[in-house]
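The values are calculated or read from the model by the stated rules, or taken from the named source; none is laboratory data. All figures in this text were calculated on a predicted structure; none of them were measured in a lab. Note that each Cβ is placed from the backbone with ideal geometry, even for glycine, and that neighbours are counted across all protein chains shown. Side chains are part of the model used for accessible areas, which takes the heavy atoms of the whole protein and leaves out ligands, DNA and RNA. Shrake-Rupley method; radii C 1.70, N 1.55, O 1.52, S 1.80 Å.
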Amino acid sequence: MTDDPRPAQLRRMKAIALGMLLAMVAGFVLAHAMGNAGIWAWVSAFCEAATVGALADWFAVVALFRHPLGLPFPHTAIIPRGKARIGDSLAVFVRDHFLEPQALLAKLEVFDPAARLGQWLARPEQAARLAQAARGWMVQALDMLDERAVREGIQRFVVGRLRAWDAAATAGEVLDLLTADGRHQELLDEALRRLARWLDDDAVKRRASALLVKHARREWPRLVGTVDWVKPVEGIADSLAERIAHALLAELNEILSQPEHPLRRDYERWLQDYMARLRSDPALATQVDRIKQQLIDHPSVQAYVQGLWDQIHAALRRDLERGDSAIARHLEQTLAGLGQALGRDPELRTAINQHVLAGAEKLAGRLRGGVTEHIAQTVKGWDERHLVRQLELSVGRDLQYIRFNGTLVGGLIGVLLHAAITLLPW
C-alpha cells in the first residue's frame, strides 16, 4: 500500500507560501535600506502591502483549523470549535438533498432502473460475470456458515415439522388419490397377479410341502412314523401343496375376471371405511401419530436428519467449485432471460420500476431520521485533532493558494495606493 502523498504536498505548499512572505519582508527591509527613493519606493509599497496581505490570509487560513500562534484569538479554531454544528449541518444537508423522498423518487424515475438493468443483463458477458461473482459469493458464504448451528437448525426445523405433521390426514389424502378413477382396483389386480405368479412357482410349492411335512411330524409323530400302509407323508404333502396352489390360483383368476366379485366389494368397503376412520376416528389418528413419533425418534432417522446439512453442503461446494457449475450456469441463464424479458416487455419494466420506487420511498422515509442522527453523532464523536488533520490534508493544499493570492493581490494594492498618493494631484 503506497503512502499518502497529501502531507508532503501540503508541506510543500506551506513552504512556498512562507517563502513568499519572507521574500516580501526582505524586499521591504531592503527598500528601506536603499532609502525608499525612486524604484525602491515602489518596491517598498509592494512588499509592505504584500506582507500585510500574506499575514492576513495566513491568519485566516490557520484560524479555520487552530488558534494562530497558539493564542486564543476570538473566532479562531473554527472547525474544531464548531464540530457539533458541522455535524448537524452535514446531517441536515444529506437528509434534505439525498434522502428527501420526492427528490429521490424523481431522480429514480428519470433513471428508469428496470430498462437500464435489462440493457446491462442483455449483454452475455455481464450476465456471465455476475453469475461467476455470485458463485464466488456463495462459496464464501458456505465457508462463513456455522455448520453446527445450521445442522441443529435444520434438525429442529425438520423434526418440528414432522412432529406437527398430521400423518393420519395425509394418509387419508393419499388413499383418496389411490382410489380415484378405480386406481385401488388396479393396485389390487397387480397384487393378485404377483401373488398368483408366486403361488405357481415350484420352489414355493416345495416350501409349502416341507412345512406341511414338518407340521404333520410335530402334531402326529406316531401316526406318521409307525403306520406302514399309509401313503408316505412326503407324497401326501406334495399332493396337498399342489392342490392348495391350484385352488388358490383358480380363486385368484376368478377374482381377476369378475369386477363385482365379493372380495372386491369387501376390499372396497374396508378401504372406504378405513379412509373415513383416518379422517374422523381420534383413536386411529392417535395410533398413526404414535407410530409417526416412534419413527421420528428412531436413531437412524435422527442421524439421517442431522446428516442432511453435510450432504447439502458437500453437494453445493462440489458444484460451486467447478468451472462449469450447474448453479452458476442456471443463474447465468436466468439473468440473461431476465435481461431479454425486460427489453421486450414494457409492462414488466413498469412493474419493476414501481416496486423500486415504492421500496425507495419506504427506505428513504425510514432512513432519513436514522441516517441524519448517525451522521451527526459520528461527526461529533470524531477526535478533534484527527478531524482537523483530515480536513487540512483534504483542502489545506488548495487553501495555500489563498495565501499566494493574498500576497500578490496585497502587493498590487500597495502599488496602486502608492501610485495614487504620489502621482495624483491632491
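Data table
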| item | result |
| --- | --- |
| Using distinct alpha-carbon pairs, which all enter the 1/r mean, Kirkwood radius of segment 341-387 in Å | 13.6 |
| Per residue solvent-accessible surface (Å²) - the chain, probe of 1.4 Å | 66 |
| Dipole magnitude of segment 1-146, debye to nearest 20 (Cβ charges: Lys/Arg +1, Asp/Glu -1, about Cα centre) | 200 |
| The chain: angle of helix 346-381 to the longest principal axis, Cα-based, in degrees nearest 10 | 60 |
| Percentage, to the nearest whole number, of Cα pairs in segment 276-406 over 21 Å apart | 79 |
| Dimensionless Rg/Rh of segment 359-412 - Kirkwood Rh, Rg from C-alpha atoms | 1.33 |
| Positive-pole candidate from LEU71, LEU30, ALA364, dipole of the chain, charges at beta carbon | LEU30 |
| Charge dipole (debye, nearest 20) of the chain; +1 at Cβ of Lys and Arg, -1 at Cβ of Asp and Glu | 1440 |
| Cβ-placed point charges (K, R +1; D, E -1), dipole of segment 276-426 about Cα centre in debye, nearest 20 | 140 |
| Relative contact order (%) - criterion: Cα under 8 Å, at least six apart; region: segment 35-137 | 10 |
| Cα-based Rg and Dmax for segment 1-79, where Dmax is the largest Cα-Cα distance (Å) | 16.7, 58 |
| Convex hull projection area averaged over all views, segment 59-105, Cα basis, nm² | 3.8 |
| Backbone HN-Hα couplings from phi across segment 293-298 [Karplus 6.51/-1.76/1.60, Hz, Gly and Pro as x] | 5, 5, 5, 4, 7, 5 |
| Kirkwood-type radius of segment 40-119, with distances r between different C-alpha atoms, in Å | 17.3 |
| Whole-Å semi-axes of the ellipsoid equivalent to segment 282-353 (Cα gyration tensor, √5λ, descending) | 44, 24, 7 |
| Over the chain, relative contact order from alpha-carbon pairs under 8 Å, at least 6 apart, % | 42 |
| Relative frequency of Cα-Cα separations exceeding 16 Å in segment 82-139, percent | 67 |
| Debye intensity ratio I(q)/I(0), log10, segment 293-334, q values 0.19, 0.26, 0.32 Å⁻¹ (C-alpha model) | -0.63, -0.83, -0.98 |
| Surface share of carbon and sulfur [accessible, 1.4 angstrom probe, percent] for the chain | 63 |
| Dipole of the chain, positive end: most advanced residue of VAL409, ALA196, VAL288 [Cβ charges, Cα centre] | VAL409 |
| Gyration tensor over alpha-carbon atoms, the chain, equivalent ellipsoid semi-axes in Å | 102, 25, 22 |
| Most positive-pole-ward Cα, LEU387, THR170, ALA420, against dipole of the chain from beta carbon charges | ALA420 |
| Descending Cα extents along the principal axes, segment 1-135, whole Å | 81, 36, 32 |
| Quarter of Cα convex hull surface for segment 128-189, i.e. mean projection, nm² | 8.7 |
| Chain lengthening between HIS386 and ALA106 when straightened (0.36 nm per residue, less Cα-Cα) | 97.0 nm |
| Global size of segment 23-69 as Cα Rg and Dmax, reported in angstrom | 13.4, 42 |
| Pairwise FRET efficiency - LEU417 versus LEU71, Cβ, R0 = 35 Å, nearest 0.05 | 0.75 |
| Peptides 316-329, 404-417 ordered by average Cβ neighbours within 10 Å, highest first | 404-417, 316-329 |
| Cβ-defined net charge surrounding ALA283, 12 Å radius [Lys, Arg +1; Asp, Glu -1] | 0 |
| In Å, descending, principal axis extents of the Cα set of segment 331-420 | 77, 36, 27 |
| Under the Karplus curve 6.51 cos²θ - 1.76 cosθ + 1.60, θ = phi - 60°, whole-Hz ³J(HN,Hα) for segment 310-326, x wherever Gly or Pro sits | 4, 5, 5, 4, 5, 5, 5, 5, 4, 6, 5, 7, 7, x, 9, 3, 5 |
